[in-house]
Structures are given as structure tokens and as C-alpha cells.
Amino acid sequence: MHGPAQAAWLLVALCAATGAYCLLRMRSRIEEQRRTAGGEALMGFGMAVMAVPAAVLALPRWTWLVSAAVFGAATLHGLWQSVGAARPDRHHVHHLVGALAMVYMSVAMITAPGGHAGHGGTGLPPLTGALLLYFAGYVLWSGVRLAPAGTAAAGEGAVGGAPVLGWGDRPELALACRLSMGMGMLAMLLTL
């Protein structure tokens with residue numbers, strides 16, 4: 001990826017922090033959190049590696065081959081889950097699109113001269129444009145869902161026998177994690 005070095009390092013930090021939080025979510029008591037947290041951690045750390053400024057550290061070509069293979073496997077896993085499910089949910093589809101975007105960006109880094117992606121003046125490729133539209137929509141949708149609809153009463157989680165959620169089990173924190181990864185994906189696609 002190319003662009004200002006400070007912005008790239010901020011993106012590296014954001015993606016790495018998001019990946020680390022997703023690793024912590026894998027210890028959740030909530031099964032759904034555990035299932036999705038591993039894939040999201042992989043995505044966060046993969047995005048952090050991809051965002052490292054090429055001017056500072058030129059990653060070798062095999063890095064992008066490994067990235068394409070790992071996210072290709074994640075894409076196949078997402079397809080398997082979507083096909084195996086009676087009705088695939090939006091989250092599975094989002095993981096599938098995210099993994100495909102990572103494969104696409106990894107292949108762009110492989111095919112670019114010197115491992116530095118760019119469009120070379122041919123304009124915006126249609127797939128890049130479609131991914132930009134998807135992630136822009138996802139970021140807006142996630143942001144709206146994250147906005148508070150009202151205030152919850154203190155201790156609401158313990159009422160009626162419902163479990164009290166730990167900080168790693170909070171759905172709004174998971175949504176904020178996904179929102180930050182969506183913004184990171186937008187930034188990376190814009191600089192591709």
C-alpha cells in the first residue's frame with residue numbers, strides 16, 4: 001500500500017489493535033463471539049501487515065503469496081460455511097467479502113512491479129470500485145448500528161437471570177471492531 005507514512009502506521013496500529021482485541025474475544029463465554037473472533041483476528045493482523053509502508057519495509061514477494069493463500073483458504077472456509085448453512089447470515093457473507101478483498105489486494109501486491117500496488121493510470125478497476133462501494137456501505141451501516149439508541153439501566157445485564165457480560169463479550173465492542181476493520185479496508189482499497 002502507498003500513501004503518507006504516518007497514516008500508514010496509524011492504519012497498522014489500528015488493525016493490529018483490532019486483531020489483538022479479536023484474539024481476546026476468542027476467550028468469550030458466548031459461542032457466537034468465539035466463532036467469529038478468530039477470523040476477525042486473522043483479518044486484523046493480515047491488514048496490519050499489508051498496511052506497513054513499502055518505503056519503510058519492502059516486504060518480499062513470498063509475503064503476498066502467503067497472504068493470498070491464507071485468505072484464499074479463509075474464502076473457501078467462508079464459502080463452505082455459507083453453503084452448509086440453511087440460510088447464511090450477513091456476518092458470514094461479510095467475512096467472505098472481506099477474505100476475497102484480502103486475496104484481491106494480495107494478488108495486486110504480487111503482480112505490481114516491486115511489490116508496490118498501483119493502478120498505473122488505467123483508472124479504477126471494476127472490482128476495486130465494487131469493493132469500495134461495499135465497504136463504504138458497510139462502514140455507514142455499522143456506524144449507524146453503533147450509534148446509541150437510548151441509555152440502558154445500570155445492571156440491566158443481571159436482570160431476569162441473563163448473564164452479566166464481560167468487556168470482551170460486549171456486542172457493541174465487537175461491532176466497533178468490525179467498523180474499524182471496515183474503515184481500514186476502505187483506506188487500503190483507496191491506496192491500492
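For segment 1-54, with all protein chains present and a 1.4 Å probe, just round the carbon and sulfur fraction of the accessible area to a whole percent. With neighbouring chains kept in place, the figure for segment 1-54 is 68 percent.
Per-residue packing, averaged as other Cβ atoms within 10 Å, sorts the ranges 63-73, 37-47, 14-24 into the order 37-47, 14-24, 63-73, beginning with the highest. Between THR111 and VAL93, residue separation times 0.36 nm minus the direct Cα-Cα distance comes to 3.8 nm. Using the Cβ-Cβ distance between TRP80 and LEU10 with R0 = 30 Å, the FRET efficiency computed as 1/(1 + (r/R0)^6) comes to roughly 0.30.
Highest-first packing order for the peptide set 76-82, 6-12, 99-105 is 99-105, 6-12, 76-82, based on the mean count of other beta carbon atoms within 10 Å. Summing charges over neighbours of CYS177, with a neighbour being any other residue whose Cβ is under 11 Å away from its Cβ, gives +1 when K and R count +1 and D and E count -1.
The values are calculated or read from the model by the stated rules, or taken from the named source; none is laboratory data. Keep in mind that what you see is a predicted model, and the values were worked out from it rather than measured. Counting neighbours? That spans all protein chains shown, and the Cβs are built from the backbone with ideal geometry, glycine included. All accessible areas refer to the heavy atoms of the entire protein, side chains included, with ligands and DNA or RNA removed. Shrake-Rupley method; radii C 1.70, N 1.55, O 1.52, S 1.80 Å.
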